[in-house]
Structures are given as C-alpha cells and as structure tokens.
1. At pLDDT below 85, buried (at least 16 other Cβ atoms within 10 Å of the Cβ) and not acidic (Asp, Glu): is that true of Leu180 in this structure?
2. Pull out all pairs, ordered by first then second residue, where Cβ-Cβ is under 8 Å, the residues are six or more apart or on different chains, the first lies in the stretch 27-39 and is within 18 Å of Cys243 (Cβ to Cβ), and the second is hydroxyl-bearing (Ser, Thr, Tyr).
3. Suppose we filter the stretch 256-303 for residues that are touching a strand residue (DSSP E or B) at 6+ places or on another chain (Cβ under 8 Å) and at negative phi; how many remain?
4. For the stretch 26-75, enumerate the residues that are on the phi > 0 side of the Ramachandran plot, surrounded by fewer than 16 Cβ atoms within 10 Å (Cβ to Cβ) and either at pLDDT 90 or above or more than 28 Å from the chain's Cα centre (by Cα) (or both).
5. Go through the residues of the stretch 231-239 one by one and say whether even a single one is surrounded by fewer than 16 Cβ atoms within 10 Å (Cβ to Cβ), without any contact (Cβ under 8 Å) to a residue 40 or more places away in the chain and under 26 Å from the mean Cα position of the chain (by Cα).
6. Give all pairs with beta carbons closer than 8 Å in which a residue from the stretch 41-62 that is more than 14 Å from Ile234 (Cβ to Cβ) meets a residue that is of a type in the set (Ser, Thr, Tyr) and modelled with pLDDT of 90 or more; count only pairs at least 6 apart in sequence or on separate chains.
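The values are calculated or read from the model by the stated rules, or taken from the named source; none is laboratory data. Predicted model only: the values in this text are computed from it and were never measured. Backbone-built Cβ (ideal geometry, glycine too); neighbour counts: all protein chains shown.
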Amino acid sequence: MKKMMMCSVIAIATGCASVQSLAQAPEQLSAIAREVSIMENILSTALKQDTDKKVRAINANYFAKQGIVFELDIRGANRWHAIFSGAPDAPLPPMPDIDFSDVNIEFISDHVEIISEQAVESSREAYQHAMEVMRDGAEKVRDIAEKERDVSRELRDLEREKRDLEFATRHDNSAEEKELAARKKSVEKEIKALEKQQTKLTKEQKKARQEISAKQAQREKQKAEEQKQLLEKISQSISLTLCDYGSGLRSLPNNEHVSFVLGGLGQNSKSLIKVFNKSDIKKCVIGETKASELARKAVSYQF
C-alpha cells in the first residue's frame with residue numbers, strides 16, 4: 001500500500017507540474033510519504049485503542065497543494081441503517097380482510113441471522129436477545145394472519161351457503177322449507193361467531209405489529225446513540241493524536257490540511273468529513289491550544 005501511495009503522490013505532483021503548478025520536489029514528496037506512513041500507524045493504534053477496535057484500518061493519500069487525507073474503515077458504521085432503510089414500517093392492510101403478503105414482517109424474520117452477525121460488534125447478548133424478541137413477534141403476526149385467512153375463507157363459504165339457502169327458501173314450498181330455514185339460522189349464527197373471532201384476531205395482529213414497530217424504533221434509537229458515542233470517541237482520539245504526534249508531519253506545508261473521511265457515520269449513509277488546518281495542528285503541538293479547541297476548529301461536513 002505504501003508503494004501505491006508513493007506512486008500516487010508522485011503522479012499527482014507530476015501532473016500538477018505539467019500545468020505549471022508549483023508541485024513539491026521529489027525529495028519533499030518522499031519525506032511526506034514517510035511521515036504519512038508513520039502517522040497512519042500511530043492513528044491506527046490510537047483509534048483502535050480509543051474505540052474498542054471499531055476502527056479497523058486507515059488508508060492515507062496525499063494530494064499536492066491540498067494535504068493529507070486519511071480514510072477510516074469503521075466496523076459496523078451505518079449497517080443497521082442500511083438494513084432497516086430497506087424495511088419501512090409495514091402498513092396495516094384494510095380491515096377486516098388482511099393480506100399478509102403486504103406485511104414486511106418476513107424481512108425482519110428472514111434477516112435475523114444477518115442482522116445479528118453485524119450487530120454483535122457492539123453488544124452480542126443484547127442484540128441477540130432483541131433479535132429473538134423480534135423473531136418471536138414476526139412469527140406471532142404470521143400465525144395470527146394465517147388464522148385470519150382461515151376465518152375469512154370460512155366466512156366466504158358460509159355467506160355463499162346462506163345465499164343458496166335464501167334462494168332455495170324462496171323457490172321451494174315443500175316440507176323442506178322448515179329445514180332450510182333452520183339451517184339458515186344456524187349459518188347466520190356461525191357467521192356471527194366467526195365475525196367476532198375475526199375482529200379479535202385483527203386487533204391481536206394490529207397490537208403485535210405495533211409492538212414490533214416499537215421495538216424497531218427502540219433499536220434505531222439505540223443505534224443512533226451508539227453511533228453518536230462512537231463519533232465522539234473518534235473525534236476526540238483524532239484531535240488528541242494530532243496534538244501529541246502532529247509534529248511528525250513536519251514536511252507538510254503549513255497552508256495545507258489534514259483531512260479524515262469517516263465512512264457511514266453521516267446521515268443517510270453519507271461520509272462525515274473532518275478537515276484540520278496544518279497551522280492549527282502545529283499550534284496544538286506546541287501547546288498554544290488544546291485538543292478540544294483543535295476539534296472545534298476543524299471543518300466538518302457530510303458528503
């Protein structure tokens with residue numbers, strides 16, 4: 001990777017020279033490449049320690065006349081958002097007939113194992129327990145919906161039989177009329193009982209879905225809070241490390257920058273960019289400012 005980085009900075013510098021820009025001399029580029037490599041290792045060690053190894057790796061590049069860019073590979077960043085953004089809250093279908101095919105419960109159930117694997121990075125037992133609860137909820141909704149479908153089929157059959165009995169009663173004056181009337185009364189009683197059962201099942205399913213939605217919202221809130229805490233740890237670690245070891249970037253011009261790309265820590269899966277001025281880093285190194293002030297001076301935006 002270091003060889004690739006060296007080729008990259010030399011290629012960029014050569015290109016700049018071809019358009020009459022004042023690119024750094026090869027000796028300066030070599031010095032910057034060495035310093036960046038050392039700083040990359042320092043940052044990697046510090047971030048892994050300060051974030052419980054959630055920052056897995058760092059890739060660095062140098063852009064002539066602009067500065068150094070460190071790209072952080074953050075474990076688990078925004079994966080929960082990516083999963084749940086594809087599974088919006090399942091809308092309740094029209095009452096009383098419920099078309100379970102419209103419900104997105106299967107998404108949660110079918111992806112439990114995938115979600116669990118990615119989520120255990122933060123709290124294995126807590127995530128696994130939450131996933132079991134959501135799996136149980138999904139199965140409960142599925143069972144209720146199956147019962148509702150059975151009830152709906154029975155109701156349709158009874159309504160059809162009732163219509164047939166009414167037709168037969170109107171056109172049959174034989175001795176079977178009383179028997180037909182009795183059967184019709186029995187059918188109407190069964191229909192009433194099934195309608196009552198269907199109403200109960202509909203309420204149960206609605207409640208089960210609301211419980212799943214509440215748990216999903218709780219998980220989203222938990223994920224957002226954990227992501228916020230992780231970002232704070234990363235920002236603090238970066239600022240402290242630049243203050244403690246920023247003097248190692250002595251070959252980087254004071255008017256250039258040290259930038260960090262935090263993939264997936266922005267909103268809607270965007271990357272969070274933090275840009276530090278080399279001059280501000282230098283002030284922190286010599287004790288004119290503190291790491292907290294350096295962090296505040298950094299330009300932060302999402303892209």
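1. yes
2. Pairs found: Glu35/Ser251; Val36/Tyr62; Met39/Tyr245.
3. Residues in the stretch 256-303 being touching a strand residue (DSSP E or B) at 6+ places or on another chain (Cβ under 8 Å) and at negative phi: 29 in total.
4. Lys65 - this is the single residue of the stretch 26-75 that is on the phi > 0 side of the Ramachandran plot, surrounded by fewer than 16 Cβ atoms within 10 Å (Cβ to Cβ) and either at pLDDT 90 or above or more than 28 Å from the chain's Cα centre (by Cα) (or both).
5. Taking every residue of the stretch 231-239 in turn, at least one turns out to be surrounded by fewer than 16 Cβ atoms within 10 Å (Cβ to Cβ), without any contact (Cβ under 8 Å) to a residue 40 or more places away in the chain and under 26 Å from the mean Cα position of the chain (by Cα).
6. Ile42/Thr241; Ile42/Tyr245; Ala60/Ser37
Per-residue answers, yes or no, for (1) more than 30 Å from Thr45 (Cα to Cα); (2) surrounded by 16 or more Cβ atoms within 10 Å (Cβ to Cβ); (3) modelled with pLDDT of 85 or more; (4) not aliphatic (A, V, I, L, M):
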site	(1), (2), (3), (4)
Arg156	yes, no, yes, yes
Asp164	yes, no, no, yes
Arg170	yes, no, no, yes
Lys192	yes, no, yes, yes
Lys196	yes, no, yes, yes
Glu226	no, yes, yes, yes
Leu252	no, yes, yes, no
